[in-house]
1. So for segment 1-152, taking the charge dipole from beta-carbon charges (+1 Lys/Arg, -1 Asp/Glu), which of Val103, Leu65, Val139 sits furthest toward the positive end?
2. So what J values fall out for segment 190-196 if you push phi through Karplus, 6.51 cos²θ - 1.76 cosθ + 1.60 with θ = phi - 60°, rounded to Hz, Gly and Pro as x?
3. Express in nm, to one decimal, how much length is gained between Asp206 and Asp59 on full extension, taking 0.36 nm for each residue of separation and deducting their alpha carbon distance.
4. Of all beta bridges DSSP finds with both residues in the chain, what is the antiparallel percent, to the nearest 5?
5. Do any trypsin sites (Lys or Arg not before Pro) in segment 138-170 lie in a DSSP loop with no more than 13 other beta carbon atoms within 10 Å, and if so, which?
6. Please label the shape of segment 71-213 as rounded, prolate or oblate, based on the square roots a ≥ b ≥ c of the eigenvalues of the alpha-carbon gyration tensor (a/c under 1.5 means rounded; beyond that, a/b larger than b/c means prolate, else oblate).
7. Between segment 150-226 and segment 49-113, how many Å separate their Cα centres?
8. Around Ile136, with a cut-off of 10 angstrom between Cβ atoms, what is the net charge of the other residues, counting Lys and Arg +1 and Asp and Glu -1?
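The values are calculated or read from the model by the stated rules, or taken from the named source; none is laboratory data. What you see is a predicted model, and the numbers here were worked out from it, not measured in a lab. All Cβ positions, glycine included, derive from the backbone under ideal geometry; neighbour counts span all protein chains shown. We work out accessible area using only protein heavy atoms, side chains counted, and drop any ligands, DNA or RNA first. Shrake-Rupley method; radii C 1.70, N 1.55, O 1.52, S 1.80 Å.
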Amino acid sequence: MKKITIAIDGYSSTGKSTIAKLIAKKYNYIYIDTGAMYRSVTLFAKKNNLVGENYLKKDELVKELPNIDLKFKFNDKLGFAEIYLNGNNVEKEIRTLEISNLVSKVSAISEVRKKLVKAQQKFGKNGGVVMDGRDIGTVVFPNAELKFFMTASAAKRATRRYKELIEKGDDVSYEAILNNVQERDRLDSTRLDSPLVKAKDAIEFDNSDMGIEEQFKRICSLIDGKINS
Ligand code: DC
């Protein structure tokens, strides 16, 4: 059976990673969460006082890029690969609202994107990969055999993210999450380098009112069509 490359792009909190993990499990593919990579660089910048609510020390961060090592290690118990920043598992630390509020600033830096895109292309060079992000079908793997583009209303997405964070015990308000979702949509779609846009050949899913199971079923039949062709 053919091992293909599957790109899943779209707005934040549209369930991209949930779908990508299910695909990886079913087809025995490598799953790469590229948002986790941008979040990890942001965490590094935050810890080194290179980014904050009102500032970004771009040139200093760019100089530090060679000192940022990112690796994914498969966690058997969880069934997916977790991200390590300079040897430390940062899966939890990168998912806070604080990092979500800073990540669009860091991910707009071209030098950061160049480094991460290069690493992503290396991870996926042999196919059999499902990658989620914002520019996978447009920049990282423009020749991916299958491209999906996920959207949903900002209110639906904020509600999902709010539930996730509350379940984890974070002290956040719905309004703060909605704000973050809308602001990230704006920043990610308007940045100069690799903005979030739907690739011409991507298949769009508006999952405002579609459950994960329904989406997964439809996506699997498209994948099956490709790998059996
Ligand atoms: O998928 P996520 O919400 O964890 O991504 C966090 C941020 O990282 C997102 O707001 C924009 C940035 N990002 C990006 O610029 N390019 C990608 N391929 C993935 C994420």
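1. After comparing all options, I get Val139.
2. 10, 5, 6, 8, 6, x, 6
3. Numbers: separation 147, 0.36 × 147 = 52.92 nm, distance 3.83 nm.
Separation in residues times 0.36 nm, less the Cα-Cα distance, equals 49.1 nm.
4. Working: 10 of 28 bridges.
Bridges in the chain that DSSP calls antiparallel: roughly 35 percent.
5. Values: sites: Lys147, Lys156, Arg157, Arg160, Arg161, Lys163, Lys168; in loops: Lys168.
Answer by residue number: Lys168.
6. On the way: a/c = 1.37, a/b = 1.16, b/c = 1.18.
Here segment 71-213 falls in the rounded category.
7. Each part's Cα centre sits 20 Å from the other's.
8. Working: positive: Lys16, Arg134, Lys147; negative: Asp9, Asp132, Asp135.
Net local charge, Ile136 excluded: 0.
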